[in-house]
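Peer 1: Have a look at this one before I ask anything.
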Amino acid sequence: MPHSHPKSATSKQAGWKRPFLTKLPSPVALCIGFLAGALGVTSFSPFNFWPSYFITIVVFCWLVLTSDNAKSAAWRGTAVGLGFFGCGVSWVFVSIDTYGHVGNTISALITFGFVFILTLFWTLSSWVTWRLVKIFTRIPPGLIFATSLLAFEYARSTFFTGFPWLLPGYSIQTSWLYELLPIGGIWLTSAIVVLTSSIVTSCILSRHNHAVMIAIVLLAWLGAAYLQYFSEQWVKQTGQFKATLVQGNVKQSEKWQATTARSSLEYYESATVQHLDSDLVVWPETAITYLYQQIRPHLSQLNKLLIETNTTLVTGVPSFDKEKNTYYNAMWALGDGKGLYYKRHLVPFGEYIPFSSIIGPVLDIFGMPMSTFSPGGAHQGLIHVGKWKAAPFICYEIVYTDQVRDLAAKSDFLINISNDGWFGASIGPWQHLQIAQFRAKETGRYLVRATNTGLTVVVNENGKITDEAPQFKRTTMTTTVKTFSGSTPYVKWGEWPVVLLMILCLVLSYGINRGSKPSDKR
């Protein structure tokens, strides 16, 4: 079988049109790919110019499908990935360089290594796409590209606990596709974004029948537009309560120092006493830097006061299990509430060191005990806030859709405590907030989100921010939180409808093109 593509006889049988801008020199193609990847970042928070990511995928698909061989396709995909992830997650450098104390050069190398690992998924997707296009000649090449990219994005979201950051579906927050989240979640919006973009390139480059792809894309966009103006009520409000979120704004470089630990705890206690008229007070992740076992006796008087005023305090605190000799990053409820939740998904290189026996001594950049936390069990209870039940999520656990769906179905609202102080004034905290908003929209639940330096917010069941505290300021924010019951279609069914949709699209497209002989179309 010849290896040129798409100019070979095999390619012509597959229904390819005359190549469109396919003779670009490799350096030019790689530069275009890198710039296109970088452009896509502007679709995400805080920029929110959603058309940019569509341009990125159109160019990405074009570069892969017009490659002369699989190796060339892989290199082009790598260029796009480096541009996208290099700009999109560059905020990792801030935490490593500022708090890792390993120097600019080592920080840059570690950041590049992280970016390169993420890029590899797009590299493999590009290589696999080119190979599959040559094998499945009756399927539109754009559909093969879309399916491959989605599969590798899912792999990126799960491999080694996964890093489901900057998924395609997050780019559409300011478009009406946002309304599809309660139906199919982030993976449905991701599928529609990739299909919409790849169909443009595929229609230009190939003579296949794209009717199935076009029908699905049009149905999704029109359905989302309808839902924007005629919203569907998937959940039912059951009540509301008053909540106060405390933002300590403690400098990350001083957070774990003994003197700072005392003064910050005093502030949190004082702020809480001033808001005992609230039903819930929330402190950020590891707001208490003493161990749970140490601080519990100290807070006994505050606990009694909370019980007397029917107030629940939820805070982040590290915990230590003597029997197992393990540390946990925990969320603790006291006063008129109860529950001790251990974080399940830990941040690699931040809260634990993968292969620590080998690289731990070199990359133990965040200090003890932050880099030696252990994950909590998969089956933990909810946090009780008075008569209400809250689904707990610490830091970037909010990005894991399966965990959020599982707990949201049993809860009245969501709580997310975090400390994005690691990332300073970068775009990282804004991307994190955007992801949290998607979880609220998907599940039809209010989200209470307290952070150390911001962004401290309350998000309603439609994914809209109702109240927000100013970033990098020590403050409190009092607001109303509504509780809901019931489940959205996405909470009930998860990603299975999206999987079935893609399979149906592949099968029907194959059937249509099998009978129409796309090579005869002129």
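Peer 1: For residues in region 268-298 being open to solvent by less than 10 Å² (accessible area, probe 1.4 Å), hydroxyl-bearing (Ser, Thr, Tyr) and within 30 Å of the chain's Cα centre (by Cα), which is farthest from Ala243 (Cα to Cα)?
Peer 2: The extreme case among them is Thr286.
Peer 1: Would you check which residues across region 68-101 are modelled with pLDDT of 95 or more, open to solvent by less than 20 Å² (accessible area, probe 1.4 Å) and of a type in the set (S, T, N, Q) and list them?
Peer 2: Residue satisfying the conditions is Thr78 alone.
Peer 1: Sticking with this structure for a sec: Does region 374-402 hold any residues that are open to solvent by 20 Å² or more (accessible area, probe 1.4 Å) and small (Gly, Ala, Ser), and which are they?
Peer 2: Matches in region 374-402: Ser374, Gly377, Ala378, Gly381, Gly386.
Peer 1: In region 158-181, what residues are open to solvent by 10 Å² or more (accessible area, probe 1.4 Å) and in a helix (DSSP H, G or I)?
Peer 2: Thr158, Phe159, Phe160, Thr161, Trp176, Glu179, Leu180
Peer 1: Given (1) at pLDDT 95 or above; (2) among the β-branched types (Val, Ile, Thr); (3) outside any helix (DSSP H, G or I), where does Thr137 come up short, assuming only one miss?
Peer 2: The single condition Thr137 does not satisfy is (1).
Peer 1: Collect the residues in region 246-266 that are farther than 18 Å from Trp422 by Cβ and open to solvent by less than 50 Å² (accessible area, probe 1.4 Å), keeping them in residue-number order.
Peer 2: If the condition is that a residue be farther than 18 Å from Trp422 by Cβ and open to solvent by less than 50 Å² (accessible area, probe 1.4 Å), then Val246, Leu265 are the ones that fit.
Peer 1: Would you check if there is a residue in region 194-207 being over 20 Å from Thr66 (Cβ atoms) and touching a residue at least 12 places away in the same chain (Cβ under 8 Å)?
Peer 2: no
Peer 1: Identify, please: which residue in region 102-122 is surrounded by 15 or more Cβ atoms within 10 Å (Cβ to Cβ) and either at pLDDT below 90 or aliphatic (A, V, I, L, M) (or both) and is, among those, farthest from Lys71 (Cα to Cα)?
Peer 2: Ranking the qualifying residues of region 102-122, first place goes to Val102.
Peer 1: Just checking, which of Lys482, Lys473 is part of a strand (DSSP E or B), more than 30 Å from Leu132 (Cα to Cα) and more than 19 Å from the chain's Cα centre (by Cα)? Explain how you work it out, then say what you get.
Peer 2: Numbers: Lys473 fails: part of a strand (DSSP E or B).
Answer to the check: Lys482.
Peer 1: Would you please list the contacts, defined by Cβ atoms under 7 Å and residues six or more apart or on different chains, that run from a residue in region 491-513 that is closer than 16 Å to Val212 by Cβ to a residue that is of a type in the set (Gly, Ala, Ser)?
Peer 2: Val498/Gly184; Val498/Ala191; Leu501/Ala191; Met502/Ala191; Ile512/Ala211
Peer 1: Go through region 407-421 and give me each residue that's under 13 Å from Val458 (Cα atoms) and either among the β-branched types (Val, Ile, Thr) or open to solvent by 10 Å² or more (accessible area, probe 1.4 Å) (or both).
Peer 2: Once the filter is applied, which keeps residues that are under 13 Å from Val458 (Cα atoms) and either among the β-branched types (Val, Ile, Thr) or open to solvent by 10 Å² or more (accessible area, probe 1.4 Å) (or both), region 407-421 yields Ile415, Ile417.
Peer 1: Checking Gly185 against (1) part of a helix (DSSP H, G or I); (2) open to solvent by 10 Å² or more (accessible area, probe 1.4 Å), only one condition comes out false. Which one?
Peer 2: (2)
Peer 1: Let me ask another. Please list, ordered by residue number, the strands (runs of 3 or more DSSP E) wholly in region 299-349 having 3 or more residues that are open to solvent by less than 10 Å² (accessible area, probe 1.4 Å) and either of a type in the set (A, V, I, L, M, F, W, C) or in contact with a strand residue (DSSP E or B) (Cβ under 7 Å, 6 or more places away or on another chain) (or both).
Peer 2: Because the criterion is at least 3 residues that are open to solvent by less than 10 Å² (accessible area, probe 1.4 Å) and either of a type in the set (A, V, I, L, M, F, W, C) or in contact with a strand residue (DSSP E or B) (Cβ under 7 Å, 6 or more places away or on another chain) (or both), the strands (runs of 3 or more DSSP E) in region 299-349 that meet it are 312-321, 326-335.
Peer 1: Now, a different point. Residue by residue through region 224-245, note down the ones that are crowded, with 16+ Cβ neighbours inside 10 Å and either in contact with a Cys (Cβ under 7 Å, 6 or more places away or on another chain) or in a helix (DSSP H, G or I) (or both).
Peer 2: Within region 224-245, Ala224, Leu227 meet the criteria.
Peer 1: Pull up region 446-470, narrow it to residues that are part of a loop (DSSP other than H, G, I, E, B) and hydrophobic (A, V, I, L, M, F, W, C), then point me to the one that is farthest from the chain's Cα centre (by Cα).
Peer 2: Ala469
The values are calculated or read from the model by the stated rules, or taken from the named source; none is laboratory data. Everything quoted here is computed from the prediction, not taken from an experiment. Counting neighbours? That spans all protein chains shown, and the Cβs are built from the backbone with ideal geometry, glycine included. Accessible surface areas use protein heavy atoms only, side chains included; no ligands, DNA or RNA. Shrake-Rupley method; radii C 1.70, N 1.55, O 1.52, S 1.80 Å.
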